[in-house]
Amino acid sequence: MIGLVLALVASASTWFYMNRILRAEQIADAAAHHRPRGNLSDLYPRWLGARELLLRGRNPYSIEITKEIQQGYYGRPLDATRSDDPKDQQGFVYPVYVVFLLSPTLNLPFDQVQTGFRWFLVSLAALSIVFWLRLIRWRISAGAILVLMVLLVGWLPMVQGIKLQQLTLLAAGLLALCGASLAGGWLLSAGGLLALATIKPQLAWPIAAWLLVWALSEWRERKRFIFGFASVMGLLLGGAELLLPGWLKMFIAAIGQYHQYTQNQSVLVWMFGSIAGHAFEVTAVLACCVLLWRVRRSSSGDPEFGRAFALVLALTVVIVPMFAPYNQVLLAPAILVLIRSDRARERVLPAVRIARWIGAVFVVWPWIATMALTAGFLWLTPELRQRLWPMPFYSNFMVPVFIFGLALLDAWLHEAGLPESAAAE
């Protein structure tokens, strides 16, 4: 009961911070720099592009559609002559087959779509805890599951994604359901869910590559997974080509333009610079590949498979060329794996245990900061608010690095033969 109350307080503080402190600071900053603010929904560019393509046959990658998107997203088209205008053009930078997922909403007013999608993401976030727990084969009490659900819905990366209506959260939910389906032996449906998750290709294709290698390693038993993935992927690609011939070339060009005007970098490159950051990326990928190759024959019902799945998602967060906090929702299964390992009191070196505690501090820091800011809200002057509002984001870059490193180490220790529940001496 105490755990649930603390989880509710922590999660409520995150939502209060986002709605009353961060939003107020963003509005004040936009007003000071004459920066436009419209609906600011990351769903809107995809929804408008889908509506124009399916209902009016217009190219969602065109400059004309981009300008119309800016009108709704920012409140007016961006002006290149204004130095304070946002750099993100908010173009339709998604595979065109995302329109199939959005098609049921296109005849509704966007404000209704926005509200419905927000509550859908909240529900999906809560349910994803059940999916991740099934994937990693961790059985806990209903009360503990409820606490984890509350914490996840109030986790800063998740709250940011929900506030923005980011499709990353939909992709993460599809991946969670894919993992749970694999753990349950439903390989055909798991393959189809993975194909749907490729609406965010940079987030889905690393885990897709690993799962395809895993399936090919035991073709006879796992071929249904490949059939499910290939059939749904074929339908998505074929349907997209019928809707908009040559869309792939337009999509690639849109990605190039997006990275040009946003100058996005991976977490590792941002932290360590271009040369060292890319070197760490290669090292991380190679270390994971060696481990994944060793466990490729593990059954989807084995704990090793769940750890490998979680590790690939953690790797994705540190190497994908974008460091937005909402991408960190993909760290959820790795965090659960680490919590389970710590609660099992496994024999590990003191340095490893210390590193886990440091990682835990980085993970819970946003809640500490939001609770402190919420508690002192009435005493926050505009000057203090301007100085203190970034506090919850202080650990933003450390969390994915620590979680990936700890998940990699945990997977290596278990692959080397660490007992599942060895008691500490």
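Bear in mind these aren't lab numbers, they're just calculated from the coordinates by the rules spelled out. If you're wondering where the values come from, they're calculated on a predicted model, not measured in any experiment. Using ideal geometry, Cβ is built from the backbone for each residue, glycine included, and neighbour counts are taken over all protein chains shown.
Structure above, values below:
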read-out: Percent breakdown of C-alpha pair distances by 10 Å bin, ordered from the shortest bin, for region 295-425; value: 11, 37, 28, 16, 6, 2
read-out: Helical mean residue ellipticity (222 nm; -39500 (n - 2.57) per DSSP H run of 4+; nearest 500) of the chain; value: -22500 deg cm²/dmol
read-out: Fewest-first ranking of 347, 56, using other Cβ atoms within 10 Å as the exposure measure; value: 56, 347
read-out: Percent RCO, i.e. relative contact order, over the chain, from Cα pairs under 8 Å lying at least 6 residues apart; value: 19
read-out: Packing-based ranking, highest mean first, of 189-196, 271-278 given that Cβ atoms within 10 Å are counted; value: 189-196, 271-278
read-out: Distance histogram for region 84-199 (every C-alpha pair counted, 5 angstrom bins, percent rounded to whole numbers); value: 2, 10, 17, 20, 19, 16, 9, 4, 2, 1, 0
read-out: Hull volume in cubic angstrom per residue (convex hull over the Cα atoms of region 1-116); value: 138
read-out: Cα gyration tensor shape for region 7-52, rounded if a/c is under 1.5, else prolate or oblate; value: oblate
read-out: Dimensionless Rg ratio for the chain, taking C-alpha atoms and the 2.2 N^0.38 Å reference; value: 1.00
read-out: Sorted by Cβ density within 10 Å, fewest first, the residues 258, 73; value: 258, 73
read-out: Mean projected area (nm²) of the alpha-carbon convex hull when region 92-133 is viewed from all directions; value: 4.0
read-out: Residues 378, 203, 4, 286 arranged by fewest to most Cβ contacts within 10 Å; value: 378, 286, 4, 203
read-out: Unit charges on C-beta of K, R, D, E only; dipole of region 2-415, Debye; value: 700
read-out: Most mobile listed residue (107, 396, 327) in the chain, GNM with C-alpha springs under 10 Å; value: 107
read-out: Under-26-angstrom lysine pairs by C-alpha in the chain, whenever the two are 8 or more apart or on separate chains; value: 10
read-out: Rounded D (µm²/s) - region 127-271, Kirkwood Rh over Cα pairs, Stokes-Einstein at 25 °C, 0.890 mPa s; value: 142
read-out: Cα-based equivalent ellipsoid of region 40-94: semi-axis lengths in Å, sorted from largest, via gyration tensor; value: 21, 11, 9
